[in-house]
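A short write-up of the structure that comes next.
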Amino acid sequence: MTRDRDSDASESGIRLQKVLAQAGMGSRRACEVLIGEGRVEVDGHVVREQGMRVDPQTAVVRVDGERVPTAADTIVIALNKPRGVLTTMTDDLGRPCVGDYVADRTERLFHVGRLDADTEGLLLLTNDGVLAQHLTHPSHGVAKTYLATIPGPVARDVGRRLKAGIEIDDRLTKVDEFSVVQALPGSALIELTIHEGRKHVVRRLLEAVGHPVERLVRTRIGPIHLDQQRPGRSRVITGPSLRSLYTEAGL
């Protein structure tokens, strides 16, 4: 009986075109074309020869400069966390928590950053601890966007003040983008984008400029958007969105 050489990953790795195909980059033939065109890098080196073997669990593979997650068991889940749900995987007091919404998953999942119980919206969960760390650490510059309902009207200089920076815990904290989405009698809906990830940072920033938050929803983390996903619903991130997430995280 002839042994399938691709199956023996422990001794010689798996052929690169097969790894790329399994990662959703197309058929094996299409992946061979990518390699032949010099569009594939492995551990920082361009690969042009066919048949190179790699360990998909450890190799850093990029196509056109964009990271391709190759570990077979990698998973990233986007959850629309409802208000009142704790950002923990379990709770000793039996309160609603994020773990309740992914209880059917067999992977050991990490939540990427936190949303306080009163904050709703996009929360990522993954079994890749390195990805989780990169997405949360401000040094990697992954932007996060929020919609906040605040008391109105909003003075014209609020956005300028937030972009210039507000001192929080002896540290200047800046908002990257700010806009008023809707102005209503006595209230306003605003959108802001920030790289900072400290606890309650958005609420503290808006409180500092005289607009305490009444409702807060996170709508985006890097390239991943909440879109029309309903509260309590989750979806698995795959394909180009997953590759963009790894690239934006600096991996």
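The values are calculated or read from the model by the stated rules, or taken from the named source; none is laboratory data. Not measured: the values here are computed from a predicted model. Cβ sites come from the backbone with ideal geometry, for glycine too, and all protein chains shown count toward neighbours.
Residue-level analysis places residue 187 outside the set of residues that are assigned by TED's automatic domain parsing to the domain that holds residue 112, crowded, with 16+ Cβ neighbours inside 10 Å and at pLDDT 90 or above. Pairs linking a residue in region 230-251 that is of a type in the set (Phe, Trp, Tyr) to a residue that is not in a helix (DSSP H, G or I), with Cβ atoms under 6 Å and 6 or more positions apart or on different chains, are 246/67; 246/69. Within region 114-142, residues that are touching a residue at least 40 places away in the same chain (Cβ under 8 Å) sit with their Cβ atoms under 6 Å from residues that are in a helix (DSSP H, G or I) and surrounded by fewer than 19 Cβ atoms within 10 Å (Cβ to Cβ), at 6+ positions apart or across chains, in these pairs: 134/140.
Restricting the first member to region 154-169 and to residues that are not assigned by TED's automatic domain parsing to the domain that holds residue 183 and modelled with pLDDT under 95, and the second to residues that are exposed (fewer than 14 other Cβ atoms within 10 Å of the Cβ) and acidic (Asp, Glu), no beta-carbon pair is closer than 8 Å while six or more apart or on different chains. Restricting region 209-250 to residues that are crowded, with 20+ Cβ neighbours inside 10 Å, touching a Lys or Arg at 6+ places or on another chain (Cβ under 7 Å) and of a type in the set (D, E, K, R) leaves a set whose member that is farthest from residue 172 (Cα to Cα) is 243. Within the option set 191, 196, being assigned to a loop (DSSP other than H, G, I, E, B), within 22 Å of the chain's Cα centre (by Cα) and either over 23 Å from residue 139 (Cα atoms) or of a type outside the set (Phe, Trp, Tyr) (or both) holds for one residue only, 196. Of the residues making up region 140-164, just one is assigned to a strand (DSSP E or B) and basic (Lys, Arg), namely 144. Restricting attention to region 142-177, the residues that are within 21 Å of the chain's Cα centre (by Cα), crowded, with 19+ Cβ neighbours inside 10 Å and not β-branched (Val, Ile, Thr) total 4.
Scanning region 96-130 for residues that are among the aliphatic types (A, V, I, L, M), under 16 Å from residue 249 (Cα atoms) and surrounded by fewer than 22 Cβ atoms within 10 Å (Cβ to Cβ) yields a single hit, 130.
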